[in-house]
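Note sheet for the following structure.
The values are calculated or read from the model by the stated rules, or taken from the named source; none is laboratory data. These figures come from a predicted structure and were not determined experimentally. Virtual Cβ from ideal backbone geometry, glycine too; neighbours counted across all protein chains shown. Only protein heavy atoms, including side chains, enter the accessible area calculation; ligands, DNA and RNA are left aside. Shrake-Rupley method; radii C 1.70, N 1.55, O 1.52, S 1.80 Å.
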Amino acid sequence: MANEYNEQELVKRSKLKALREKGIDPFLTQKFIRNYDSESYKDAYSKYTKEELHENTDQIIVAGRIMAIRQTFGVIKDFTGKVQFYINKKTIDPETWELFNDYIDIGDIVGIEGTPMKTNTGEITVKVKKLILLSKSLKPLPEKFHGLVDEEERARRRYVDLFMNDESLKTFVTRSKIMTQIRNYMDSNGFFEVETPVLQPVLGGASARPFVTHHNTLDRNYYLRIAPELALKKLIVGGFEKVYEIGRVFRNEGMDATHNPEFTTIEAYQAYVSMEEIMTLTENIIRNVAESLNQLKFTYKGVELDFSKPFIKKNMVDFIKEETGVDFNEIQDDAGAIKVAKEHKISLQGHQQNRGHIINAFFEEYCEKKCLEPTFVYGHPVEVSPLAKKNQKDPRYTDRFELFILGKEYANAFSELNDPIDQKERFESQLKEKDLGNEEASEMDDDFIEALEYGLPPTGGLGIGLDRLAMLFTNNETIRNVLLFPHMRDEK
């Protein structure tokens with residue numbers, strides 16, 4: 001079916017054809033060397049008066065996308081910002097004037113050679129001597145005042161969103177700074193960055209429904225990893241003492257404001273420490289990011305956050321008692337837990353008919369949304385923590401914590417289970433849950449069990465969701481706005 005172009009697109013394509021007929025390449029392939037970007041040019045020449053620049057003959061070479069044209073003035077935009085240019089028919093060659101007047105459109109990417117000047121209003125400008133078309137735009141830009149504002153359209157056409165919306169570009173620059181800061185912090189504290197496989201033969205490392213793919217040569221299915229956890233712990237067995245990985249993980253689950261099928265995490269593991277040291281590490285990582293962005297104190301969704309203060313710490317069972325009056329330390333069996341769940345109208349699936357899952361369900365229903373300030377919640381039941389070490393004082397619980405901010409989980413961490421016999425029993429319990437309909441249950445990982453049999457030192461592990469962290473520090477309320485290319489439903 002033939003493409004249908006609107007009137008603006010037809011005009012642009014007619015100009016494209018005419019340029020080619022004149023022997024002008026509308027898509028320059030050779031490099032274009034600039035001596036300034038918008039920001040550095042303004043920094044260098046804003047200090048001069050209009051009169052001082054009138055006599056200045058310095059050569060200025062800039063490039064960018066034309067965002068506006070009004071008579072003989074225009075504005076180009078590059079990565080650092082915008083700069084105005086002025087073109088005078090009397091002071092340039094006829095070919096440059098013809099190119100500008102007859103063939104250049106808003107949206108085109110151009111190179112400009114000229115001299116510095118200031119307008120009567122004091123705006124720093126480039127006086128054009130030569131204009132070079134670097135790339136012809138064949139699509140009209142969104143209308144200036146009512147353009148790309150719809151969040152779904154912005155996410156679908158991120159390439160347009162980035163040059164139309166300064167705040168969007170700023171968001172992704174900040175996201176990059178967050179990643180860099182975390183890497184710098186980890187590296188400076190003796191952690192080694194590693195890479196582990198995305199294709200995994202066994203489902204494990206977290207509780208999530210996986211994506212499945214097929215390897216043709218080996219003729220077998222693989223999972224896209226839901227977490228790098230087990231591979232990273234094998235490296236601790238192998239002799240690394242501090243490792244981390246920043247990378248994508250994949251979970252075949254729903255999409256909403258805080259969930260995308262693929263997302264970025266950091267997982268870190270340190271030998272010879274317990275949950276308490278990892279709690280400190282988590283707090284320090286996030287505080288370090290906040291400090292680097294000058295955002296130790298700020299407001300998000302109307303809530304005042306202060307990352308300079310120590311994070312709150314709450315035991316899960318005590319927290320539930322505080323909010324509901326139910327004390328699960330006094331409920332010793334599954335039957336009693338099921339009874340109190342029914343009394344509180346807590347809906348349970350088949351694999352959740354036990355005390356541990358019910359404790360977790362109570363927390364999610366009554367407590368999670370109360371964690372507005374940064375809050376560590378610890379003491380998770382064994383049933384919902386298949387990779388965490390049992391608490392020595394009360395083996396019904398594990399040495400595990402989650403970090404919540406504004407009612408959302410930001411981190412998950414624990415003292416790693418290093419007893420291979422206990423770990424095998426936990427995997428077997430997960431297999432039973434899978435038979436009861438838990439699509440997020442782990443599988444038996446014999447290779448990981450064998451690795452533990454060689455000896456895993458006492459180890460603390462941590463995972464932080466970096467997309468949510470980016471949302472927090474860029475004041476975005478949906479994960480789509482901090483992912484360059486989020487997954488979207490098909491356009492209707």
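Tell me, what ³J(HN,Hα) does each residue in the range 368-378 have, in order and in whole Hz, if you take phi through Karplus 6.51 cos²θ - 1.76 cosθ + 1.60 with θ = phi - 60° and put x for Gly and Pro?
Per residue, the Karplus-derived 3J(HN,Hα) values read 3, 5, 7, 8, 7, 6, x, 9, 8, 10, 10 Hz.
Below 8 Å, C-alpha to C-alpha, sequence gap of six or more: please give me the relative contact order for the range 260-375 in percent.
23
Given charges of +1 on the Cβ of Lys and Arg and -1 on the Cβ of Asp and Glu, with all other atoms neutral, how large is the dipole of the chain about its Cα centre, in debye to the nearest 20?
2060
Taking H placed 1.01 Å from N in the peptide plane, check which residues at least 5 places from Phe211 or on another chain put their amide H under 5 Å from its amide H.
For Phe211, whose amide H was placed from the backbone, the distant partners under 5 Å are Leu224, Asn252.
How much of Val303 can a 1.4 Å solvent probe reach, expressed as accessible area in Å² and rounded to 10?
Its heavy atoms expose roughly 30 Å² to the probe.
Quick one: which residues, 5+ away or cross-chain, put their amide H under 5 Å from the amide H of Phe192? H built at 1.01 Å from N.
Lys242, Val243, Tyr244
Hey, can you rank 245-254, 483-492, 67-76 by average C-beta count inside 10 Å, highest first?
Details: 245-254: 17.2, 483-492: 10.7, 67-76: 15.4.
Ranked from most to least packed, the peptides come out as 245-254, 67-76, 483-492.
Return the calculated 222 nm mean residue ellipticity for the chain, to the nearest 500 deg cm²/dmol, obtained by summing -39500 (n - 2.57) across DSSP H runs with n ≥ 4 and dividing by the residue count.
-9500 deg cm²/dmol
So who's got an amide H within less than 5 Å of the one on Lys129, skipping anything under 5 residues away but keeping other chains? H placed 1.01 Å off N, in plane.
It is Glu113, Gly114, Thr115, by chain and number.
What value does the chain have for Rg/Rh, both radii from Cα atoms and Rh as Kirkwood defines it?
Reported Rg/Rh (Cα atoms, Kirkwood Rh): 1.09.
Quick one: Karplus J couplings for the range 355-360, per residue in order, coefficients 6.51, -1.76, 1.60, θ = phi - 60°, nearest Hz, x for Gly and Pro?
Here the 3J(HN,Hα) series is 4, x, 5, 6, 4, 4 Hz.
May I ask for the net charge around Leu305, where only other residues with Cβ less than 9 Å from the Cβ of Leu305 are counted and Lys, Arg are +1 while Asp, Glu are -1?
Details: positive: Lys297; negative: Glu304, Asp306, Glu373.
Summing Lys and Arg as +1 and Asp and Glu as -1 gives -2.
Taking 23 Å as the cut-off for C-alpha to C-alpha distance, list the pairs among Lys369/Lys492; Lys342/Lys393; Lys234/Lys390 that go past it.
Lys369/Lys492; Lys342/Lys393
May I ask you to derive the relative contact order of the range 1-76, considering only C-alpha pairs under 8 Å and at least 6 residues apart, and to give it as an integer percent?
Rounded, it is 21 percent for the range 1-76.
Relative to the longest principal Cα axis of the chain, at what angle does helix 275-292 sit, 0 to 90 degrees, rounded to 10?
Roughly 20 degrees, rounded to the nearest 10.
Starting from the 7 Å offset along Cα-to-Cβ, what nm value, one decimal, do you get for the label separation of Lys50 and Asp333?
9.1
Per residue, how large is the accessible surface of the chain? Use a 1.4 angstrom probe and give square angstrom.
With the other protein chains kept in place, the chain gives 51 Å² per residue.
Taking the Cβ of Cys367 as the centre, find all other residues whose Cβ is under 9 Å away and add up their charges (Lys, Arg: +1; Asp, Glu: -1). Don't skip to the answer; put the middle values down first.
Numbers: positive: Lys314, Lys369, Lys370; negative: Glu322, Glu323, Glu364, Glu365, Glu368.
Every neighbour counted, the sum reads -2.
Just how much of Val83 is accessible, in Å², when a 1.4 Å probe is used and the result is rounded to the nearest 10?
Spelled out: Val83, probe radius 1.4 Å, area about 0 Å².
What is the distance in Å between the Cα centroid of the range 214-234 and that of the range 419-492?
13
Below 19 Å, Cα to Cα, which aspartates and glutamates can Lys297 reach? Residues fewer than 8 away in the same chain don't count.
Filter leaves Glu283, Asp306, Glu373, Glu477.
So what J values fall out for the range 451-456 if you push phi through Karplus, 6.51 cos²θ - 1.76 cosθ + 1.60 with θ = phi - 60°, rounded to Hz, Gly and Pro as x?
Residue by residue, the range 451-456 yields 4, 4, 5, 6, x, 9 Hz.
Tilt of helix 7-21 relative to the longest C-alpha principal axis of the chain, in degrees (0 to 90, nearest 10)?
Orientation of helix 7-21: about 60 degrees from the principal axis.
Phe163: accessible area at probe 1.4 Å, nearest 10 Å²?
Result for Phe163: roughly 40 Å² accessible.
Order these peptides, 283-293, 150-160, 28-38, by their mean beta-carbon neighbour count within 10 angstrom, highest first.
Order by mean packing, descending: 283-293, 150-160, 28-38.
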